[in-house]
1. Take the Cβ-Cβ distance between residue 84 and residue 534 as r, set R0 to 35 Å, and report the resulting FRET efficiency rounded to the nearest 0.05.
2. For the stretch 106-183, which whole-number percentage of the solvent-accessible area (1.4 Å probe, protein heavy atoms only) is attributable to carbon and sulfur atoms?
3. Step through the residues of the stretch 486-491 one at a time and calculate ³J(HN,Hα) from phi using the Karplus curve (6.51 cos²θ - 1.76 cosθ + 1.60, θ = phi - 60°), rounding each to whole Hz and writing x for Gly and Pro.
4. For the stretch 496-557, what is the accessible area per residue in Å² when the probe is 1.4 Å?
5. How much net charge surrounds residue 29 when only other residues with a Cβ under 9 Å from its Cβ are counted (Lys, Arg +1; Asp, Glu -1)?
6. So who's got an amide H within less than 5 Å of the one on residue 344, skipping anything under 5 residues away but keeping other chains? H placed 1.01 Å off N, in plane.
7. Which peptide among 199-206, 50-57, 37-44 comes first, and what is the full order, when sorted by highest mean count of other Cβ atoms within 10 Å?
8. Taking the solvent-accessible surface of protein heavy atoms with a 1.4 Å probe, what is the per residue accessible area of the stretch 70-120 in Å²?
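The values are calculated or read from the model by the stated rules, or taken from the named source; none is laboratory data. What you are looking at is a predicted structure, and each value in this text was computed from that prediction instead of being measured. Here the Cβ is made from the backbone with ideal geometry for all residues, glycine too, and neighbour counts use every protein chain on show. Ligands, DNA and RNA are excluded from the accessible area calculation, which covers all protein heavy atoms including side chains. Shrake-Rupley method; radii C 1.70, N 1.55, O 1.52, S 1.80 Å.
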Amino acid sequence: MTEAPVRTLLLWCPDWPVLAAELVDGVPATGAVAVLHANRVVACSEAARAEGVRRGLRKREAQGRCPRLTVVDHDPGRDARAFEPVVAAVEELAAGVEVVRPGACALAARGPARYLGGEEVAAERIIEHVAQTCAVESQVGIADGAFAAGLAARDGRVVPPGGTPGFLAGLPVEALGRPALADLLRRLGVRTLGGFAALPAGDVLARFGFDGALAHRLAAGRDHRPLAVRRPPADLAVTADHDEPIDRVDAAAFAARALAERLHDRLAAHGLACTRLGIEAVTADGQELHRVWRHDGLLTAAAVADRVRWQLDGWLTGSAGRPGARPTRPTAGVIRLRLVPDGVLARADLQPGLWGETGEERERAHRALSRVQGLLGPEAVVTAVLGGGRSPDDQVRLVPWGDERLPARPGEPTGPARPGGLAGPVRAGGAEGSGGAARSGGAGGFDRSGGPARGGAASSGRGASPPWPGRLPPPSPAVVLPAPLAATVHDADGEPVGVSARLQLTATPARLAVGAARPVEIVGWAGPWPVDERWWSPAEARRRARFQVCLADGAALLLAVESGQWLVEAIYD
């Protein structure tokens with residue numbers, strides 16, 4: 001015997017992609033708005049439909065019908081994020097909600113109907129609660145099965161028990177949501193769901209396959225699929241209210257310890273560990289303070305308590321931080337403290353090191369740096385992360401201590417140093433050697449970003465090209481200057497040395513003067529390593545050639561020529 005369909009209540013928010021664009025991106029849904037995917041309209045506002053815009057139209061045709069049309073790209077992630085508060089509002093009145101898609105959710109109607117006093121009353125209460133909580137208009141349909149309930153929600157209907165087959169019978173076959181099947185059925189003379197449901201089930205399976213058989217069951221009102229209810233996310237945050245405002249560091253430390261242990265116990269009960277902690281405080285006069293702490297490992301109860309104590313100490317002592325920063329001292333004592341685990345993961349995913357990676361010295365250093373962050377802010381302590389790039393200053397990104405150490409640019413950083421000083425052929429000053437500066441370990445032309453390098457570091461005979469053509473070879477310089485220093489290069493006769501558009505040096509470099517300092521003899525040099533970055537964007541284009549030089553006083557420098565000016569970019573050890 002076939003199982004009877006479950007009595008289902010489905011809440012539907014019309015034109016949800018348009019409404020989500022308003023909630024997230026601020027696009028007014030009251031205007032003429034169309035959401036496009038693959039150059040076709042997938043949703044549009046009421047004002048756009050009044051101008052003749054319909055789903056499935058191409059962008060140009062839709063804009064032709066409505067010249068003032070606002071076009072928004074389809075973003076499923078945006079739709080899902082915006083729909084989460086609606087689902088949470090429904091869960092405040094009823095349990096066991098299934099998210100059918102962003103903009104529609106379903107639940108068994110029996111529970112809320114018995115609790116609220118009937119199906120119609122339950123539908124009205126849910127619609128009203130969603131409108132008050134989320135300021136979102138919605139419609140509810142109730143029928144036997146989620147498929148019929150979704151169609152009933154289009155008209156806001158409550159189909160009586162047992163009346164679902166009759167309700168579906170008069171609907172067109174396009175209501176199945178299968179355009180190819182609907183087109184085939186119409187060509188066969190079947191135009192309604194009732195006509196499709198009257199066909200023998202065996203013949204439908206043989207002619208239309210498994211998906212056609214499933215659609216046949218839906219058309220007949222035999223949707224017995226159980227709801228895939230979601231589990232509401234656990235509320236892991238902990239809050240402490242204080243009758244007496246906290247304005248002393250010792251009282252703050254005591255409150256932090258108790259609250260941290262509560263948070264740790266709550267996370268442990270769910271088998272979770274915190275890696276990113278949000279600390280929120282509310283003062284007696286309503287001022288709200290917030291700070292997020294990040295950690296690359298397990299935050300224990302003691303570690304959480306320390307960070308809360310440091311943060312409260314930083315707020316209560318009123319440290320102004322770095323010069324120019326605004327004071328952080330609150331206007332009154334703290335009466336509410338809340339800890340929010342913004343980042344959690346299963347404890348099984350966190351394994352301690354085997355050979356002391358998380359030893360006492362490392363933890364002590366981490367505590368000290370985190371303490372400084374609590375007083376001066378997250379940006380006060382930064383560490384360098386190596387990534388891809390063509391020059392040393394491109395390969396380094398400074399990130400706050402505790403943040404994820406992700407490179408700013410993809411690609412492997414510069415590899416290990418090659419024994420024996422600077423990379424590439426280094427020629428003694430004045431020795432032509434291989435016949436021309438443009439051939440001395442360098443390139444025959446500028447490397448265009450994204451294309452294969454032509455000579456130079458990118459084709460130094462080591463096999464495959466590196467991820468960043470035109471990148472300087474190892475070793476990396478020891479010091480990268482925050483601002484390049486102006487310099488001049490002269491030949492043996494004292495004439496300035498330049499680089500032509502074809503990367504030809506006008507003379508052999510003999511002396512280098514940095515700023516107003518006395519010139520120093522150049523005893524060896526290598527280059528050029530050219531690069532022509534973002535040449536397709538004139539405002540961001542940068543064209544330069546780089547050289548490595550050794551000086552008579554033992555210094556080794558990285559030079560660059562840009563717009564005819566020599567610059568000292570870095571210093572080798």
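1. After rounding, the FRET efficiency stands at 0.35.
2. 53
3. Once θ is set to phi - 60°, the couplings for the stretch 486-491 become 5, 8, 9, 10, 10, 8 Hz.
4. 48
5. So the environment of residue 29 carries a net charge of -3.
6. Distant-sequence amide H within range of residue 344: 275.
7. 37-44, 50-57, 199-206
8. Here the per-residue accessible area is 47 Å².
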